[in-house]
Amino acid sequence: MRLPLPTLEHACDLTVDLDPIREMGPGRAGQRRIVPIVGGSVTGPMLQGRLLNLGADWQTVFADGLAELDTRYAMETTDGATIEIVNYGLRHGPPEVLAAIMRGEEVPPDSYYMRTHARLETGDDRYAWVNRTLFLGVGARHLQQVQIRLYAIL
């Protein structure tokens, strides 16, 4: 039996605006912190709109520098639909690269690893297809912003 190979189709680019990190202190698995999501934009061939001023990234940063990303936020499409985004991912790289990012320096996105998988959900029939689609993301972290390119897994 031959299983089909998945394909990736560019769905959209997210520019996620962030408030400053709120450090929570050590947790059971690592350093805990909350990164508020306060807005942003959504552009692309399948989805367009704006990110709403709600949501956060609830991160765990492990001793080796690995950041576990666990986000929940929402977008409003240009035609008024609300779509929830639940995005889980990992970010890691050389310590000097990660330190440069946290200082606000621009570093090449291919100098570290930032990948996510996302689930989108809506009650709006015009976008019901997002409820039945999984998404893969590649990202870049900046001081007060994250960029994520989401691909629909077909």
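The values are calculated or read from the model by the stated rules, or taken from the named source; none is laboratory data. The structure presented is a predicted model; accordingly, all values stated were derived computationally and were not measured. Counting neighbours? That spans all protein chains shown, and the Cβs are built from the backbone with ideal geometry, glycine included.
Among residues of the range 93-107 being closer than 15 Å to residue 140 by Cβ and assigned to a helix (DSSP H, G or I), the one that is modelled with the lowest pLDDT is 102. Is the range 29-41 home to any residue that is touching a residue at least 60 places away in the same chain (Cβ under 8 Å) and either among the basic types (Lys, Arg) or in contact with a Ser or Thr (Cβ under 7 Å, 6 or more places away or on another chain) (or both)? For the range 29-41, residues touching a residue at least 60 places away in the same chain (Cβ under 8 Å) and either among the basic types (Lys, Arg) or in contact with a Ser or Thr (Cβ under 7 Å, 6 or more places away or on another chain) (or both): present. When residue 120 is tested against (1) in contact with a helix residue (DSSP H, G or I) (Cβ under 6 Å, 6 or more places away or on another chain); (2) free of Cβ contacts under 8 Å to residues at least 24 places away in the same chain; (3) buried (at least 16 other Cβ atoms within 10 Å of the Cβ), exactly one condition is not met: (2). Within the range 108-144, being closer than 18 Å to residue 78 by Cα and assigned to a strand (DSSP E or B) holds for 120, 121. Scanning the range 64-85 for residues that are under 18 Å from residue 52 (Cβ atoms), touching a Gly at 6+ places or on another chain (Cβ under 7 Å) and aliphatic (A, V, I, L, M) gives 74, 75.
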